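Novice: One structure coming up, written as structure tokens, with questions to follow.
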């Protein structure tokens, strides 16, 4: 699986792939990453990529030309490249999206800056747009990295043990509705007079599953009423 990151500040993304699970996935050639900087495609003599907003308003906007040329180049190299724009004004990115997108061979993450990206770029090239939450970031790099991480861990072999995917923080129940993962515990059994629930210690897997299901429903009802 390949990720191409389009960013004016690729060094905000690169370090995340230099440690831990994703570094190992790259070393095993399970995932590959590369970077494209829109500034390198600008035909402006000062390599500018932004301009004032039409109709007025504060800040600058990334103008179309560099991104059109850059994304054309990517699509010429790989017509199946799947282009995603992280945007504040977009549908929420969910676990089901991460699972679905892990089946793609090549994902392109386009990170905006300043006040964002000219809408004509998005309308022309976006296969999907996502928001990672109802808040504003200074750029799309964090959102691109978050989504790449969530997608990568669902790619076969990245986690090493695929059983780790069976009990996730977000799962769908038998009614295809979101449920949050039940609380987890480890040793020591008794810490500061706080004990691990006894049902988890008796080895009865049916009762353990039942307890976890109940706790999952309680947590979901509390945090996601």
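Throughout, read-outs are computed from the coordinates displayed, never taken from laboratory work. Note that this is a predicted model, so its numbers are computed, not measured. We place every Cβ from the backbone using ideal geometry, glycine too, and count neighbours over all the protein chains shown.
Novice: Which percentage, to the nearest 5, of the DSSP beta bridges contained in the stretch 1-123 is antiparallel?
Specialist: Rounded to the nearest five, the antiparallel share is 20 percent.
Novice: While we're here: Kindly identify the chain as rounded, prolate or oblate by the Cα gyration tensor criterion: order the square roots of the eigenvalues as a ≥ b ≥ c, call it rounded if a/c is under 1.5, otherwise compare a/b with b/c, prolate if a/b is larger, else oblate.
Specialist: Since a/c reaches 1.5 and a/b is larger than b/c, the shape of the chain is classed as prolate.
Novice: If you don't mind, another one. How do 81-89, 19-27 rank on mean C-beta neighbours within 10 Å, highest first?
Specialist: In decreasing order of mean packing, 81-89, 19-27 become 81-89, 19-27.
Novice: With a ≥ b ≥ c the root eigenvalues of the C-alpha gyration tensor of the stretch 16-81, is it rounded (a/c under 1.5), prolate (a/b larger than b/c) or oblate?
Specialist: Here the stretch 16-81 falls in the prolate category.
Novice: Assuming a ≥ b ≥ c are the square roots of the Cα gyration tensor eigenvalues, decide whether the stretch 62-103 counts as rounded (a/c under 1.5), prolate (otherwise, with a/b larger than b/c) or oblate.
Specialist: It comes out oblate by the Cα gyration axes.
Novice: Can you tell which of 48, 177, 187 shows the greatest fluctuation in a Gaussian network model of the chain with Cα springs below 10 Å?
Specialist: Result for the chain, Cα springs under 10 Å: 187 fluctuates most.
Novice: Relative contact order, percent, of the chain when contacts are C-alpha pairs under 8 Å separated by at least 6 residues?
Specialist: Rounded, it is 20 percent for the chain.
Novice: What's log10 of I(q)/I(0) for the stretch 38-125 at q = 0.10, 0.15, 0.19 Å⁻¹, Debye sum over Cα points only, no solvent?
Specialist: Debye intensities relative to I(0), on a log10 scale: -0.30, -0.65, -0.95.
Novice: Determine the calculated [θ] at 222 nm for the chain from helices alone, applying -39500 (n - 2.57) to every DSSP H run no shorter than 4 residues and normalising by the residue count; nearest 500 deg cm²/dmol.
Specialist: Mean residue ellipticity at 222 nm (helix-derived): -9000 deg cm²/dmol.
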